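Single-structure report; data block below.
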Amino acid sequence: MSGKLEGSAIFLVILMVLFITSQIANASTAYNVGDSDGWTLGVSNWPNGKNFKAGDVLVFKYPKGVHNVVIVNKANYDNCNASGKTLTSGNDRITLKKGDAYFICGIAGHCDGGQKIAVTAN
């Protein structure tokens, strides 16, 4: 009888290890856009080399009233057309969905100055 109990205990331990490992692998990451500089002019290359996944959070930190974040489609991103949902808190958090996402600053001249990012979440 003790052999069956030992086998059951080992099986449960293996299941718990697999569950914990899957939770760690699926944990989301919060990214401060622009790192210590924040959401500012010239940030367009910031996503390079980063591997985003669905569920990750982009945090846009900027002086309220100086910048904003506009969620746009690819055409509006390419043309710096600030047509989309606009966020203005200065500490905006956006959870990524799988696929491409585009963000620009809607203040005149800022997008053309490189205050825009495109990210792909897997």
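The values are calculated or read from the model by the stated rules, or taken from the named source; none is laboratory data. Because the structure is predicted, anything quoted here is derived from the model rather than measured. Cβ placement follows ideal geometry from the backbone for every residue including glycine, while neighbour counts extend to all protein chains displayed. To get the accessible areas, we keep the full protein, side chains included, count just its heavy atoms, and leave off ligands, DNA and RNA. Shrake-Rupley method; radii C 1.70, N 1.55, O 1.52, S 1.80 Å.
When segment 97-122 is filtered for residues that are among the aromatic types (Phe, Trp, Tyr) and surrounded by fewer than 20 Cβ atoms within 10 Å (Cβ to Cβ), only TYR102 remains.
Filtering segment 69-84 to residues that are under 19 Å from ALA30 (Cα atoms) and open to solvent by 20 Å² or more (accessible area, probe 1.4 Å) leaves only ILE71. Residue-level analysis places THR88 outside the set of residues that are of a type in the set (S, T, N, Q) and open to solvent by less than 60 Å² (accessible area, probe 1.4 Å). Quick check on this structure: which one of LYS74, LYS53, LYS64 is touching a residue at least 12 places away in the same chain (Cβ under 8 Å), farther than 15 Å from ASP100 by Cα and charged (D, E, K, R)? Going through LYS74, LYS53, LYS64 in turn, just one is touching a residue at least 12 places away in the same chain (Cβ under 8 Å), farther than 15 Å from ASP100 by Cα and charged (D, E, K, R): LYS64. Just to be sure, is GLY65 at pLDDT below 70 and exposed (fewer than 10 other Cβ atoms within 10 Å of the Cβ)? Judged against the criteria, GLY65 is not a match.
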